[in-house]
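Asker: Dropping the structure in here first, questions after.
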């Protein structure tokens, strides 16, 4: 490894608006709303405000899986929050998630609306709300599932904000940063590959919220769909992760969930907002009339 420059941190850090790379327009060192904007509300009890990033996909897959099980109370409205435009800093969104990150869920099924934020928390909330769906009740199986769920919550920032940022988005390529986070990302893939060598699903032989949480991140990574890094990370080596990723990806609910609030890929794979099950047939972007 070689470094062409040496950086000495200043005594006091100051915010440089021009040094944030691709996301400089939305990154800032303070929290709170930047503008007044109410959130739309649809007719279903569950209102989701999100974008089809890996964290957002977790929740839409969960909701579609619940509906596939016959839980009609899981019907939902999914509203698009364009994070690149700063929608997450609108006053209505900040009221639901003071951390200004997607996804955020508002459950209006009871006498008082309940806000739920952080994707892992939303998965647990929905699982428990619908009779422990995709969440084992036996003590040891539940502990295993939740351990892997929280593994994902703690590990993915190294993948996304670490490797993904420095490899794909940073304004300058820093060899040390890319090496450090590529090493950690490959270690995480190895952890999963060894777990899946002896288990059909992440937490055993049953599909759980652990799979729903991990698949949008590491399943996509193992299939070469994140950051254009397939060759760089040699993802073909993780055959057990790839086997599992293909298996989960064949689930109709996972396929539908991946489409919701999606802004990238083929127009037929993008359903910017979801309000009814029929929207998957009638309102994907390839079926919308072109803007006049």
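Asker: Suppose the filter is modelled with pLDDT of 95 or more, outside any loop (DSSP other than H, G, I, E, B) and within 20 Å of residue 155 (Cα to Cα); does residue 182 pass it?
Answerer: Yes: the conditions hold for residue 182.
Asker: Among what's in the range 234-254 and is farther than 18 Å from residue 201 by Cβ and part of a helix (DSSP H, G or I), pick the residue that is nearest to the chain's Cα centre (by Cα).
Answerer: Across the range 234-254, the extreme among qualifying residues is 235.
Asker: Looking at the range 132-170, which of its residues are more than 17 Å from the chain's Cα centre (by Cα), in contact (Cβ under 8 Å) with a residue 24 or more places away in the chain and more than 13 Å from residue 210 (Cα to Cα)?
Answerer: 167, 168, 169, 170
Asker: To continue, here is another question. Would you check which residues across the range 68-90 are under 30 Å from residue 32 (Cβ atoms), assigned to a helix (DSSP H, G or I) and touching a helix residue (DSSP H, G or I) at 6+ places or on another chain (Cβ under 7 Å) and list them?
Answerer: Scanning the range 68-90 gives a single hit, 87.
Asker: Any chance the range 107-119 includes a residue that's surrounded by fewer than 21 Cβ atoms within 10 Å (Cβ to Cβ), farther than 27 Å from residue 283 by Cβ, without any contact (Cβ under 8 Å) to a residue 12 or more places away in the chain and touching a strand residue (DSSP E or B) at 6+ places or on another chain (Cβ under 9 Å)?
Answerer: Yes, the range 107-119 contains a residue that is surrounded by fewer than 21 Cβ atoms within 10 Å (Cβ to Cβ), farther than 27 Å from residue 283 by Cβ, without any contact (Cβ under 8 Å) to a residue 12 or more places away in the chain and touching a strand residue (DSSP E or B) at 6+ places or on another chain (Cβ under 9 Å).
Asker: Something else: Which ones in the range 250-262 are surrounded by 15 or more Cβ atoms within 10 Å (Cβ to Cβ) and either in contact (Cβ under 8 Å) with a residue 12 or more places away in the chain or touching a strand residue (DSSP E or B) at 6+ places or on another chain (Cβ under 7 Å) (or both)?
Answerer: Answer for the range 250-262, where residues must be surrounded by 15 or more Cβ atoms within 10 Å (Cβ to Cβ) and either in contact (Cβ under 8 Å) with a residue 12 or more places away in the chain or touching a strand residue (DSSP E or B) at 6+ places or on another chain (Cβ under 7 Å) (or both): 251, 253, 254, 256, 257, 258, 259, 260, 261, 262.
Asker: So how many residues does the range 205-233 have that are part of a loop (DSSP other than H, G, I, E, B), free of Cβ contacts under 8 Å to residues at least 40 places away in the same chain and within 24 Å of residue 179 (Cβ to Cβ)?
Answerer: Of the residues in that region, 3 qualify.
Asker: Which condition from (1) in contact with a helix residue (DSSP H, G or I) (Cβ under 7 Å, 6 or more places away or on another chain); (2) within 25 Å of residue 134 (Cα to Cα); (3) crowded, with 17+ Cβ neighbours inside 10 Å is the one that residue 197 breaks?
Answerer: Result: residue 197 fails condition (3) only.
Asker: Is the range 8-26 home to any residue that is farther than 21 Å from residue 272 by Cα and in contact with a helix residue (DSSP H, G or I) (Cβ under 6 Å, 6 or more places away or on another chain)?
Answerer: Yes - at least one qualifying residue is present in the range 8-26.
Asker: If residue 265 passes every condition in (1) in a helix (DSSP H, G or I); (2) over 15 Å from the mean Cα position of the chain (by Cα); (3) without any contact (Cβ under 8 Å) to a residue 60 or more places away in the chain; (4) surrounded by fewer than 17 Cβ atoms within 10 Å (Cβ to Cβ) but one, which one does it miss?
Answerer: (1)
The values are calculated or read from the model by the stated rules, or taken from the named source; none is laboratory data. Keep in mind it's a predicted model, so treat the numbers as computed, not measured. When we count neighbours, we look across all protein chains shown, and the Cβ atoms used for this are built from the backbone with ideal geometry, even at glycine.
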